[in-house]
Amino acid sequence: MKVAILGGGLMGRLIALAFNDLKAELTLFEKKTLDHKGNTASIAAAMLAPESESVHMPTELLPMADRAIERWSDILKQLGIPHALHRQGSLIICHPQDKHELTDFIQRIPRQNKSHPLNEQTLYEMEPGLAKGLEGCLVTGEGHLDNDVFLERTTQWLYEHVHVFEKAEVVQTFQNRVHWLEVSGQAKQSAFDWIIDCRGIGAKVEYQSLRGVRGEIIRIRAPHVNLIRPVRLLHPRYPLYIVPKPDHRFVIGATEIETESQAPITVRSVLELLSAAYSVSDGFAEAQVEAMQVGLRPAFSDHRPKVSVHEQVIRVNGLYRHGFLLGPAIAESVFKVIQNPIESIEGGYVEHLA
């Protein structure tokens, strides 16, 4: 069986890994390069936080998120990087004047047993790197990934196990139900039994309803700050998240803007994100800003991912904020579609198109 994967981002990598045990010849086409630092997967904070993200995600997708988090452990062991997964929970915090924001957040968490209120002292004992005077709660079962480590390892894995074509612009062509690909204007002299399109916003021409949602993040190195859990600061104007990475590095973000502009980050976003981070820990005052990045999250109007199947072509898109959170479960579903093409996949997000 010959399978073509279009797009070497997070979803393309997870699908290639899911097919590892299937006797299939995989070919991956990437428009840029696998080590390109501007793709959505490299910009993402890589949080695994179904409860904390529930305001942005339909609750019926929670079981899928739970399965995906468990799959991450197997995937990272397969790659030899189990240390890249961290599951000490998430901290939701607020300043005293914004306690109503915390109360409202806790009430909206779908599974109340996952949330555990913390007073100022308990919070400080759990994360001494935080400023005093904060209140919050611990959301258990959540975590985050070292996505840079994952992307570096999977780049190496793909070169070793998959036929990789980089800087390859793909145009699908069809001939008597046999699927050919045009790559960068030249016909690829091979037919494929299945084509899996994981190009994200790059496949917008295939979806009239697909849009890009702009996100902005700041990467810093703060030698004087120690945090082991993702932290979300609740605030009526500028909520944010701070996600720890190796070697005292942190990703600070939260902005979500309804535009497809990829212009550099705005002054307003920089001021709000860094000011809020400094209020969480004064250790950020001496941090070095290493990067300020902008990315587009591919999303449909209902913020649900979609997997469409049509004549041996599978299109995966619309992961929005939840690529790392839902990706492994969606990759498994794509694998099941190919194993049993006539069966429907549970969850309601797979569309079999006639």
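I need the full set of residues from the stretch 256-308 which are of a type outside the set (Lys, Arg), under 17 Å from His322 (Cβ atoms) and under 17 Å from the mean Cα position of the chain (by Cα), in order please.
Glu256, Gly295, Leu296, Pro298, Ala299, Phe300, His303, Pro305, Val307
If you take the residues of the stretch 75-98 that are assigned by TED's automatic domain parsing to the domain that holds Arg229 and part of a helix (DSSP H, G or I), which of them is surrounded by the most Cβ atoms within 10 Å (Cβ to Cβ)?
The selected residue is Asp98.
Restricting to the stretch 31-74, count the residues that are assigned to a helix (DSSP H, G or I), touching a strand residue (DSSP E or B) at 6+ places or on another chain (Cβ under 8 Å) and over 26 Å from His116 (Cα atoms).
Qualifying residue count, the stretch 31-74: 2.
Looking at the stretch 47-71, which of its residues are crowded, with 18+ Cβ neighbours inside 10 Å and under 24 Å from Ile217 (Cα atoms)?
Listed by number, the residues that qualify are Met47, Leu48, Ala49, Pro50, Glu51, Ser52, Glu53, Ser54, Met57, Ala65, Ile69.
Note down all Cβ pairs under 9 Å where the first residue falls in the stretch 216-243 and is without any contact (Cβ under 8 Å) to a residue 60 or more places away in the chain, the second is buried (at least 19 other Cβ atoms within 10 Å of the Cβ) and in a loop (DSSP other than H, G, I, E, B), and they're at least six residues apart or on different chains.
Pairs found: Ile242/Ala45; Ile242/Val225; Ile242/Leu227; Ile242/Pro230; Ile242/Ser281.
Within the bounds of the stretch 129-137, is there any residue that is of a type outside the set (Lys, Arg), at pLDDT below 95 and more than 27 Å from His56 (Cβ to Cβ)?
Yes, the stretch 129-137 contains a residue that is of a type outside the set (Lys, Arg), at pLDDT below 95 and more than 27 Å from His56 (Cβ to Cβ).
Out of (1) in contact with a Lys or Arg (Cβ under 7 Å, 6 or more places away or on another chain); (2) modelled with pLDDT of 95 or more; (3) over 25 Å from Ala329 (Cα atoms), the odd one out for Cys94 is which?
(1)
Please give the number of the condition Gln262 fails out of (1) closer than 30 Å to Ile330 by Cα; (2) part of a strand (DSSP E or B).
Against the list (1) closer than 30 Å to Ile330 by Cα; (2) part of a strand (DSSP E or B), Gln262 comes up short only on (2).
Is the stretch 12-24 home to any residue that is touching a Lys or Arg at 6+ places or on another chain (Cβ under 8 Å) and either of a type in the set (A, V, I, L, M) or within 30 Å of Arg108 (Cβ to Cβ) (or both)?
Checked against the condition, which is being touching a Lys or Arg at 6+ places or on another chain (Cβ under 8 Å) and either of a type in the set (A, V, I, L, M) or within 30 Å of Arg108 (Cβ to Cβ) (or both), the stretch 12-24 yields at least one hit.
Any residue at all in the stretch 325-343 that's surrounded by 16 or more Cβ atoms within 10 Å (Cβ to Cβ), assigned by TED's automatic domain parsing to the domain that holds Ile195, in a loop (DSSP other than H, G, I, E, B) and at pLDDT below 95?
No, the stretch 325-343 has no match at all.
Within the stretch 282-305, is there a residue that is among the hydroxyl-bearing types (Ser, Thr, Tyr) and over 26 Å from Cys198 (Cα atoms)?
no
Pick out the one residue from Ser269, Ser308 that is of a type in the set (Gly, Ala, Ser) and not in a strand (DSSP E or B).
Unique residue meeting the criteria: Ser269.
Given the criteria closer than 24 Å to Arg297 by Cβ and assigned by TED's automatic domain parsing to the domain that holds Gly327, does Ile265 qualify?
It is false that Ile265 is closer than 24 Å to Arg297 by Cβ and assigned by TED's automatic domain parsing to the domain that holds Gly327.
Results for (1) surrounded by 14 or more Cβ atoms within 10 Å (Cβ to Cβ); (2) in a helix (DSSP H, G or I), shown as yes or no for each residue.
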| position | (1), (2) |
| --- | --- |
| Asn113 | no, yes |
| Leu123 | yes, yes |
| Gly129 | yes, no |
| Gly133 | no, no |
| Gly136 | yes, no |
| Gly141 | yes, no |
| Phe150 | yes, yes |
| Thr155 | yes, yes |
| Leu158 | yes, yes |
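The values are calculated or read from the model by the stated rules, or taken from the named source; none is laboratory data. Keep in mind the model is a prediction, meaning the values are calculated, not measured. Reconstructed Cβ throughout: ideal geometry from the backbone, glycine too, with neighbour counts over all protein chains shown.
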